[in-house]
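For reference, the structure is listed below as structure tokens.
The values are calculated or read from the model by the stated rules, or taken from the named source; none is laboratory data. Since this is a predicted model, take the numbers as computed values, not measurements. Please note: Cβ atoms are built from the backbone with ideal geometry, for glycine as well, and neighbour counts cover all protein chains shown.
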Amino acid sequence: MKSPVRADLPFSLRRLDRRAVDTVRRLQEHGHESYLVGGCVRDVLLGLQPKDYDIATAARPGQVKRLFRRSRIIGRRFRIVHVYAGRDIFEIATFRREPPRQGRDQDEPIRDDNAFGTAAEDAARRDFTVNGLFLDPRKREIVDYVGGLKDLEARRMISIGDPDLRFREDPVRILRLIKFMRRLGLDAGRDEIAAAREHAGMLVEAASPRLVEELFRLMLTGDMVGCFTDLLALGVVPLLAPDIADWLERSPDNEQRLLAMFDALDRWVQEGGEPGYGFRLACLYGPMVEDELDPDQRTVPVKEVPQVPAFLLSRLQQHARLPRAAIGRAIHIMLAQELMDPEREALRGRRRRRRKAASERLLASEGFSDALEFLRCRLEAADRDLGPYDEWHEMGLSFPGP
């Protein structure tokens, strides 16, 4: 590979987490070539504040662990080191290289990339050029082996290598392309778009838990409306969430209802909201659960109401291995709407005494704040008055708690 482009930092190191910078410097001081890599470099160059810091180094995992007292080696397929700094974790990985293509079908996804390499090889194995940039805090420079600086300046998403081959090797890169385009406001290259359309069907070969994890990462971009529109255009929703795909087919209105829910979610994320896994699950499944509990469509006895979202999420859990805590929180959020929303609560016909007891339990619950924010999203999605949200918000403020 040709020599890298090196550019002076266009910003002060004070914009980076000091502990992450110190971690890289400590590795460098002990003779190990080391850099901040990937998303944290890309984001700070775009004027964003990085949330996570990853580090790549020539040091082997055992060497890294010996340098940091509060650290541990994790992983089986490829061992990395987690270094703990307060509540934060810095992930340190040894430089890797692509496995040799000889003897491997070009259409076969990569199953094993567990091979140490050089900094240049590590950059080359990453997905997109804007994610292949390295930052050297000691020399205060960006190291660019893959052309990421010029692509970042042009605000475009370009694959490292042939996108046709790269998407065949790992079809999940198609979902990552959508994520970065929508979250960062970058334009995909013409070849990347064509390759994504050509190979989207190969996502069926990817592990279901990985697909669902990428789907829920899309919901943090602040443009899930755009992301989901892209997924619909590629025809991959049935691969990511089969029940949602079936529900969308039931009525032409369902797509707009779900997109309206995502629009409300996007506004909250753009305002700085950080929806947890359970909240995102509720956003995805909430409109469908409402239909399942609608007495105009089917009669569900009051005692069986909790079983409806539990059953639907259990179907997703069978192939996605979702965290149990997230499933429980999503069920709690969706069932709370049957009490918090006067239109939904009227369907249940609770007596006043039972309603008061249920309200107090909800107000005292750990998931009340999520249920309240979800109520606001639902009301906004339906273009309804926010009166019920305001009422529950005031109740929450005045509730004495445990």
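Here 329, 378, 355 are screened, and the one residue that is modelled with pLDDT under 85 and assigned to a helix (DSSP H, G or I) is 355. Considering each residue of the range 274-295 in turn, at least one proves to be in contact (Cβ under 8 Å) with a residue 60 or more places away in the chain and basic (Lys, Arg). Would you call residue 20 surrounded by 14 or more Cβ atoms within 10 Å (Cβ to Cβ), at pLDDT 95 or above, within 20 Å of residue 125 (Cβ to Cβ) and over 21 Å from the mean Cα position of the chain (by Cα)? No: the conditions fail for residue 20.
Selection within the range 28-58: residues that are under 17 Å from residue 124 (Cβ atoms) and among the aliphatic types (A, V, I, L, M). The member of this set that is surrounded by the fewest Cβ atoms within 10 Å (Cβ to Cβ) is 58. Would you confirm whether any residue within the range 248-260 is in contact with a Ser or Thr (Cβ under 7 Å, 6 or more places away or on another chain) and assigned to a helix (DSSP H, G or I)? No: zero hits. Can you find a residue in the range 27-36 that is in a loop (DSSP other than H, G, I, E, B), free of Cβ contacts under 8 Å to residues at least 60 places away in the same chain and closer than 14 Å to residue 141 by Cβ? No; the residues of the range 27-36 include none that is in a loop (DSSP other than H, G, I, E, B), free of Cβ contacts under 8 Å to residues at least 60 places away in the same chain and closer than 14 Å to residue 141 by Cβ.
A count restricted to the range 315-344 and to residues that are within 24 Å of the chain's Cα centre (by Cα) and touching a residue at least 24 places away in the same chain (Cβ under 8 Å) stands at 17.
Please indicate, with yes or no, whether at least one residue in the range 206-224 is in contact with a Lys or Arg (Cβ under 7 Å, 6 or more places away or on another chain), assigned to a loop (DSSP other than H, G, I, E, B) and more than 24 Å from residue 271 (Cβ to Cβ). The answer is no, given that none of the residues of the range 206-224 is in contact with a Lys or Arg (Cβ under 7 Å, 6 or more places away or on another chain), assigned to a loop (DSSP other than H, G, I, E, B) and more than 24 Å from residue 271 (Cβ to Cβ). Condition check for residue 44 on (1) part of a strand (DSSP E or B); (2) touching a residue at least 12 places away in the same chain (Cβ under 8 Å): one failure, at (1). One residue is enough: does the range 264-271 have a residue meeting the conditions part of a helix (DSSP H, G or I), acidic (Asp, Glu) and at pLDDT 90 or above? Scanning the range 264-271 turns up at least one residue that is part of a helix (DSSP H, G or I), acidic (Asp, Glu) and at pLDDT 90 or above. Taken over the range 381-402, the criterion of being aromatic (Phe, Trp, Tyr) and not in a loop (DSSP other than H, G, I, E, B) is satisfied by 389, 392.
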